[in-house]
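Before any comments, here is the structure.
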Amino acid sequence: MVSPDALIMHVVGASALILVAAHAGGWLARRLKQPYIVGQLTAGIALGPSLLGSVAPGSYETLFPAGISPALTAFAQFALVVFLFAVGYELDLKILGHRARASVTVAAATFVVPMAVGSGCALLFRDQLRDLGMPRDLSPGTVVFAGVALSITAVPVLAAIVRENGLSSSAPGVVALSAAGLLDVIGWTVLAGALMEGGGETALGWPWRVALAVGFITVMALAARPVLRGLLWGTRMEPSLRLALLIGFALGSAWVTHSLGLHVIFGALLAGVVAPREKDGTLDPDLLRPLHDVGSLLLPFFFVVSGQSVALNSMDATGWITLVVVTALAVITKTGSGTVAGRLGGLDRHDARTVGVLMSTRGLTELIALNAGFQAGLLSRPLYTVLVFMALATTLLTQPLLLLVRRPAERDRRGSAVREPVTPPLHQPPDGTPAAPAADVS
């Protein structure tokens with residue numbers, strides 16, 4: 001039995017290691033031209049039982065004894081609520097603008113095609129999935145979740161890639177970001193249904209949970225925003241107190257959705273969506289900046305907790321083959337459907353290819369969904385491991401693929417500039433006076 005003092009000591013020591021290792025990994029990833037999130041996720045997996053636990057089991061047991069798991073999970077869930085509250089707060093579909101047709105087309109295609117392929121493969125390859133610990137008869141929730149796992153696009157990571165590549169004001173950047181925002185709404189809604197069907201720690205039946213969830217969403221949509229607006233803006237509340245109140249609101253909303261058999265992620269997102277903005281409709285910088293700071297500081301706990309469930313020792317030949325196939329399907333279905341939809345939406349072939357590649361970014365959003373599915377019993381540990389590495393691989397591939405598809409566009413632009421005809425003036429007089437215009441021979 002570990003004493004409370006010893007438990008606190010272990011939590012403090014493990015927290016120091018998690019924060020330093022994760023942010024060092026993020027810094028190294030950025031130096032390698034990869035998203036910060038990739039380095040943090042890699043560090044989280046490295047601190048888990050698959051790597052640190054295998055290489056130095058004694059050190060792993062000392063650093064991460066079983067007794068501190070609830071504390072680390074609590075940190076991870078708090079970070080997740082704050083992060084997703086910020087994502088919901090920033091979600092603004094007004095960005096569609098004059099690119100609405102292309103954005104809606106891309107969002108629909110990049111959801112429907114991967115969703116159909118993922119769910120179809122789950123049904124077609126049930127025998128192979130049995131080798132990864134899945135039951136022979138898959139539940140409807142598991143089949144739907146398999147489709148959602150392929151259809152996700154990570155808006156935060158996508159926004160970082162768009163910004164770092166100077167695409168923020170370009171047509172493909174605007175279309176990809178707005179389409180990903182629409183896709184978030186669709187994907188989280190379908191995922192909620194899959195998780196609700198998968199069950200949760202609640203005695204309520206499925207119809208009751210649906211009815212209560214619809215009622216809660218209705219109350220949040222109709223009543224929460226005006227009440228919060230009057231409380232926050234009408235009383236001229238200090239920014240620090242406003243931040244505390246809204247984070248408490250997000251945590252309460254997350255508690256309600258978890259009690260309904262869903263996941264805390266849905267309550268946090270919903271709270272962010274209904275949170276009031278400034279009077280002119282802009283985001284409140286005094287709220288957004290500390291939300292990002294808190295989220296980026298504590299998210300490493302989520303990566304480490306997620307990495308605890310990654311089991312590399314379960315990756316036999318079937319696991320590695322499944323990883324290659326799933327990664328290929330994840331990239332092809334997203335880039336292919338995004339490219340075709342971009343062309344149908346009016347983009348040229350280069351911009352359409354760029355949109356397709358950008359929509360294949362998964363990263364943190366995929367990891368959040370996978371973690372929720374694993375907790376709901378929709379994924380076995382070996383399949384969870386495969387899908388986590390798929391999320392990491394598709395995020396790593398985004399930047400190289402983006403450079404690959406943008407190179408022909410830059411070459412075409414340079415070629416067009418070289419081929420631009422320069423018509424010399426006809427019969428230029430030696431004194432430099434303007435030449436008489438040529439006769440029209442048409």
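Quick notes on this structure:
- Surface per residue (accessible, 1.4 Å probe) for the range 324-399, Å²: 28
- For the chain, taking Cα atoms only, Rg and Dmax work out to 25.2, 101 Å respectively.
- Rounded to 10°, Cα long-axis angle of helix 155-164 versus longest principal axis of the chain: 40
- F301, F78, F374, ranked by accessible area, largest first (probe 1.4 Å): F78, F374, F301
- Under Karplus coefficients 6.51, -1.76 and 1.60, residue-wise ³J(HN,Hα) of the range 214-225 in Hz, glycine/proline x: 4, x, 5, 4, 4, 5, 5, 5, 8, 10, 5, 5
- Highest to lowest packing among 144-154, 48-58, 320-330, scored as the average C-beta count within 10 Å: 144-154, 320-330, 48-58
- Of all accessible heavy-atom area on the chain, the percent that carbon and sulfur account for (1.4 Å): 67
- As an equivalent ellipsoid, the range 314-353 spans semi-axes of 32, 7, 5 angstrom, where each value is the square root of five times an eigenvalue of the C-alpha gyration tensor, largest first.
- Based on the Stokes-Einstein relation at 37 °C and a viscosity of 0.692 mPa s, and on the Kirkwood radius from alpha carbon pairs, the range 217-257 is assigned a translational diffusion coefficient of 303 µm²/s.
- Relative contact order, percent, the chain [alpha-carbon distance under 8 Å, six or more residues apart]: 26
- 0 to 90° range, to nearest 10: angle between helix 4-31 axis and the chain longest Cα axis: 20
- Rounded to the nearest whole Hz, the Karplus-based 3J(HN,Hα) values (6.51 cos²θ - 1.76 cosθ + 1.60, θ = phi - 60°) of the range 42-59 follow the sequence 4, 5, x, 5, 5, 7, x, x, 5, 9, 4, x, 7, 6, 9, x, x, 5, with x at glycine and proline.
- Stokes-Einstein D (µm²/s) once Rh is taken as the Kirkwood radius of the range 266-405 over alpha-carbon pairs, at 4 °C in 1.567 mPa s: 74
- Between the helical axis of 264-274 and the longest alpha-carbon principal axis of the chain there is an angle of about 50 degrees.
The values are calculated or read from the model by the stated rules, or taken from the named source; none is laboratory data. Nothing here was measured: the structure is a model prediction, and the numbers come from that model. A quick note on method: Cβ atoms are made from the backbone with ideal geometry, for glycine too, and the neighbour counts reach across all protein chains shown. These area figures cover heavy atoms from the full protein model, side chains too; ligands, DNA and RNA do not enter into them. Shrake-Rupley method; radii C 1.70, N 1.55, O 1.52, S 1.80 Å.
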